[in-house]
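Quick note: the coordinates plus some simple rules give every number you see, no bench work behind them. Quantities reported herein were computed from a predicted structural model and do not represent experimental measurements. Every residue, glycine as well, gets a Cβ built from its backbone with ideal geometry; the counts of neighbours run over all protein chains shown.
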Amino acid sequence: MVPADFLIATATVLGFVTLLKNLLATARWLHATFLRKLKNLRAYGSWAVITGPTDGIGKALAFELASVGLNLVLAGQNPSKLEPTSSKLRERYGPTIEVKTVIADFAKLTGEEIAAAMTGAMEGLDVGLLVNNAGMAYPNPTYFHEVDQQLMESMLRVNLNAAVWVTKAVIGGMLKKKRGAILNIGSGSSVYVSSFPLQTLYASTKAFMAMFSKSIGLEYEEQGVDIQCQVPLFIATKMTVLRRRPMLVPSAETFSRASVRWIGHKRQCNPYWSHAAQAFVMHALDGITVWYVKRYMEWTRNEGLEHDRHL
Ligand SMILES: NC(=O)c1ccc[n+]([C@@H]2O[C@H](COP(=O)([O-])OP(=O)(O)OC[C@H]3O[C@@H](n4cnc5c(N)ncnc54)[C@H](OP(=O)(O)O)[C@@H]3O)[C@@H](O)[C@H]2O)c1
C-alpha cells in the first residue's frame, strides 16, 4: 500500500470508530432519558429523607417518591410550610405512606445540631434514600463584594454544611445495611460553564457538591450505596424568579419526574432532556456561553436594582 492510501484508510477507520462511539453514546442517552424503567427505589429501604421539601424541586420530588410508595422524612425550616406539604402528601397517598417532619433551619444550626436532629428523626427507620436538595442562591445576581454578609454565611451553611452533615448522619446506617442511595442536587452552573459570574458563591457551593458526590460515590460504590449528583440547568421555581417560563425550562414537577428515573444510575447526570441538549451546546461553546452568562447576569442585576428602587 502506498503511504497516501495507508493514510486515507487509517483516517477512514478512525472516523468510522468515532462515529460509532458517538452513535452508541447517543443511543445510550436516548434509552436512559426516555425508555429506561424507574429502579425499584423501595429496594434501598422503605424511607426517603428529603431536605428542603417545602417548595420547588424538593416538594415535587417528595410527591414523586411518595407515588412509588416511599415513606418520607421531610426536613425543612418553616413549620407553616412543612405542615401543609405533609398534609397534602397524606391526603393524596393516604395510608400507603407515612410522613414525618423535622424542623431544621440549616442557616442557623451548627453541623452537629443538624446531624443530631436528623439522627433523632430517623431512629428506627429503614432509610434507603437521602435527597440533599435544600439550597439557596442570591435573590438577584450580585458582585461578590456586594453580597450581604448574613446571606453569604447562610448560603455556605445551607448549600454546603447541611449537605455534608446530613450525609454524615445517614451514611452509617446505609453502610451497615449495605444498601442505600444518595441524590445530591448540584447545578449545571458549576459543570457546563467554566465560570458563572454574579452568582459566584452559589456556583462554587455547587462545584463542591459535584466533587463531594463524585468522590464519596467512588468510596462507597462497592458497598451497595449509590451516590449521585444531578446537575440541572434552569427550572421554574421561586429560586429562579422567572416572570414567565421559557419553552425549554421545565417546571419542578416535570424535572422531578425525570430526576427520579436517574436515581442509582450514574455518579453525575443531567436528567431532563432539554437541559442535557442545552448543556451539550453550552459546553462546546464555552467562551460564548460565559460571555452570555455575564451579560445576562448584569442585565438581571440592573433590572433587580431598578425594581427595588421603585418599591
Ligand atoms: N431552580 C433551578 O433552576 C435550579 C437549578 C439547578 C439546581 N437547583 C438546586 O435545586 C435545589 C432546590 O432549588 P429550588 O429551585 O427548588 O429552590 P426553592 O424553590 O427556593 O426551594 C428551596 C428549598 O430549600 C429550602 N431551604 C432554603 N433555606 C433553608 C434553610 N435555611 N433551612 C432549611 N431549608 C431551607 C426551602 O425552604 P422554604 O420553603 O422554607 O424556603 C425550600 O424548601 C437547590 O439546591 C438548588 O440549588 C435549582
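The simple Förster model, with R0 at 22 Å and r as the Cβ-Cβ distance, assigns Arg179 and Lys214 a FRET efficiency of 0.60.
Basic side chains Lys and Arg get +1 at the Cβ, acidic Asp and Glu get -1 at the Cβ, and with that the dipole of the chain about its Cα centre reaches some 860 debye. Fewest-first ordering of Asp126, Asp55, Asp226 by other beta carbons within 10 Å of each residue's beta carbon gives Asp126, Asp55, Asp226. Cβ-to-Cβ counts within 10 Å put Lys81, Lys176, Lys59 in ascending order as Lys176, Lys81, Lys59, the fewest first. Applying 0.36 nm per residue to the separation of Thr254 and Trp29 and subtracting their alpha-carbon distance, the gain on full extension is 79.2 nm.
Of the residues Ile227, Ile263, Ile103, the one that moves most in a GNM of the chain with alpha-carbon contacts below 10 Å is Ile103.
Hey, which lysines would be in cross-link range of Lys21, C-alpha to C-alpha under 26 Å, not counting anything within fewer than 8 residues on its own chain? Filter leaves Lys37, Lys214, Lys266. Loop-located trypsin sites (Lys or Arg not before Pro) across region 1-52 with a Cβ neighbour count of 15 or fewer within 10 Å are Arg36, Lys37, with loop assigned by DSSP. Among complete DSSP H helices in the chain, those whose alpha-carbon atoms stretch at least 18 Å along the helix's long axis and whose mean Kyte-Doolittle hydropathy reaches 0.5 are 3-30, 162-177. Residues of region 220-249 with amide nitrogen under 13 Å from the 7 Å Cα-to-Cβ point of His283? From region 220-249, the list is 231-233. Computed over neighbours whose Cβ is under 12 Å from that of Val231, the net charge equals +4, Lys and Arg +1, Asp and Glu -1.
For region 263-290 versus region 190-210, the inter-centroid distance based on Cα atoms is 14 Å.
Each residue in Met282, Met174, Met247, Met211 was given a count of other beta-carbon atoms within 10 angstrom of its own, and listing them fewest first yields Met247, Met211, Met282, Met174. Computed across region 39-309, the Kirkwood radius stands at 19.0 Å (inverse of mean 1/r, all Cα pairs). For region 225-271, the dipole from Cβ point charges (+1 on Lys and Arg, -1 on Asp and Glu) about the Cα centre works out to 200 debye, to the nearest 20. A Förster radius of 51 Å, combined with the Cβ-Cβ distance separating Lys238 from Phe16, puts the computed FRET efficiency at roughly 0.55.
So which lysines can Lys81 reach, going by Cα to Cα under 20 Å and dropping same-chain residues fewer than 8 places off? By straight Cα distance, Lys81 reaches Lys59, Lys100, Lys108, Lys238.
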